[in-house]
Amino acid sequence: MRLSKEFIGESLGTFILVLFGCGSVAVSVLFGAYQGIMQIALAWGIGVTLAIYLTRHLSCAHLNPAVTLAMVIAGRMKARKIPVYLAAQFIGAFLAGLAIYLLFGPSISAYEAAHTIVRGSPESIQTAKMFGEYYSVTGSAAVVSMPLAMGAEAFGTFILLLMIFALTEGCNIGRPHDAMAPLFIGLTVSSIICLIAPLTQAGLNPARDFGPRMVAWIFGWGEAAFPDTTGGFFLVYILAPVIGGIIAALFFVKIIEPAMKGTPEKCDCNCEGKVKG
């Protein structure tokens with residue numbers, strides 16, 4: 001029953017996160033509803049916050065494979081739970097991408113017709129980016145190579161995980177109350193998006209990228225659903241966030257956590273978030 005609750009929590013939470021986040025990108029592309037990156041970033045942050053509040057008593061509300069793997073590396077979760085968490089996250093993200101397509105499918109077709117875009121052509125990246133991320137878009141002011149894109153995604157995920165650990169670590173006396181932690185995690189996501197999105201659209205989450213991207217691939221975008229033909233999809237949006245999360249876990253456990261425990265202030269919480277074995 002517990003694993004069932006965790007599956008429900010991770011799939012539902014990831015669904016909400018991606019629905020509001022990718023949905024904000026969709027309405028921006030199709031209707032010009034947002035005028036700046038800050039508005040989209042806030043929509044993502046609100047989605048993250050609401051998803052955590054909704055599901056953190058069902059699962060640990062990771063909602064991101066990079067977070068799950070980092071928590072295992074840091075000893076906050078047992079490795080045997082990885083398959084359930086990852087499967088739920090990818091399924092939730094895919095269903096959210098499907099919901100967005102069903103909601104906006106007619107509007108996407110109308111947009112394509114109005115702008116003479118043939119779905120599946122390189123020009124259709126303009127609409128495909130509502131689902132998956134792209135680190136190199138024609139007409140963008142940013143100049144982004146694959147190595148730079150990987151570095152940006154890894155760095156953004158590193159910052160995200162570092163803040164998650166800091167906001168939830170029992171021995172961090174500077175952390176907010178547990179009831180406020182999801183809000184600050186959401187604000188962290190918004191801040192990172194404002195920094196990284198001009199370069200890579202700020203995926204930071206392999207499930208968030210892969211699930212909706214597969215929806216685009218299924219519904220006619222084909223090869224245009226992927227950022228390039230040299231492995232950029234996997235290296236930039238799957239591998240790089242995982243690497244960034246793992247580095248953050250090791251950095252926190254090996255450097256930040258010992259420093260926190262070494263402070264003179266009394267710490268009587270025993271960092272109960274850590275599991276053994």
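The values are calculated or read from the model by the stated rules, or taken from the named source; none is laboratory data. All figures in this text were calculated on a predicted structure; none of them were measured in a lab. Cβ coordinates were reconstructed from backbone atoms using ideal geometry, including for glycine residues, and neighbour counts include every protein chain displayed.
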Seminar exercise, completed: A careful count of residues in segment 19-42 that are among the hydroxyl-bearing types (Ser, Thr, Tyr) and either outside any helix (DSSP H, G or I) or over 23 Å from Thr188 (Cβ atoms) (or both) gives 1
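Being among the hydroxyl-bearing types (Ser, Thr, Tyr) and under 12 Å from the mean Cα position of the chain (by Cα) narrows it down to one residue among Thr127, Thr200, Thr168, Thr157; which is it?
Numbers: Thr127 fails: under 12 Å from the mean Cα position of the chain (by Cα); Thr200 fails: under 12 Å from the mean Cα position of the chain (by Cα); Thr168 fails: under 12 Å from the mean Cα position of the chain (by Cα).
One residue alone meets the criteria, Thr157.
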Problem set entry | Residue pairs meeting the criteria (Cβ under 9 Å; at least 6 apart or on separate chains; first at positive phi, in segment 245-270; second at pLDDT 55 or above) | Asn270/Gly170; Asn270/Cys171
Exercise. Given the conditions (1) surrounded by 17 or more Cβ atoms within 10 Å (Cβ to Cβ); (2) out of contact with any Gly (no Cβ under 7 Å at 6 or more places or on another chain); (3) modelled with pLDDT of 95 or more, which single one is not true for Ala43?
Worked result: (2)
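So that you can scan it fast, the table gives a plain yes or no per residue for (1) in a helix (DSSP H, G or I); (2) in contact with a helix residue (DSSP H, G or I) (Cβ under 8 Å, 6 or more places away or on another chain); (3) touching a residue at least 40 places away in the same chain (Cβ under 8 Å):
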position	(1), (2), (3)
Arg175	no, yes, no
Val189	yes, yes, yes
Met214	yes, yes, yes
Trp217	yes, yes, no
For this session: With the condition kept exactly as written, say whether any residue in segment 131-144 is free of Cβ contacts under 8 Å to residues at least 40 places away in the same chain, out of contact with any Asp or Glu (no Cβ under 7 Å at 6 or more places or on another chain) and part of a helix (DSSP H, G or I).
Result: no
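Could you tell me which of the residues Tyr134, Tyr53, Tyr101 is among the aromatic types (Phe, Trp, Tyr), under 15 Å from Gly13 (Cβ atoms), touching a helix residue (DSSP H, G or I) at 6+ places or on another chain (Cβ under 7 Å) and surrounded by 15 or more Cβ atoms within 10 Å (Cβ to Cβ)?
Going through Tyr134, Tyr53, Tyr101 in turn, the sole match is Tyr53.
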Problem set entry | Residues located in segment 105-123, provided they are assigned to a helix (DSSP H, G or I), surrounded by 16 or more Cβ atoms within 10 Å (Cβ to Cβ) and not acidic (Asp, Glu) | Ile108, Tyr111
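Checking the conditions here, which among Cys171, Cys194 is at pLDDT below 95 and either assigned to a helix (DSSP H, G or I) or farther than 16 Å from Asp228 by Cβ (or both)? Full working, then the answer.
Values: Cys194 fails: at pLDDT below 95.
Checking each option against the conditions leaves just Cys171.
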Exercise. Before we move on, is Ala141 farther than 14 Å from Gly45 by Cα, of a type in the set (A, V, I, L, M, F, W, C) and modelled with pLDDT of 95 or more?
Worked result: no
Exercise. Is segment 62-79 home to any residue that is under 24 Å from Gly132 (Cβ atoms), in contact with a Lys or Arg (Cβ under 9 Å, 6 or more places away or on another chain), surrounded by 18 or more Cβ atoms within 10 Å (Cβ to Cβ) and among the β-branched types (Val, Ile, Thr)?
Worked result: yes
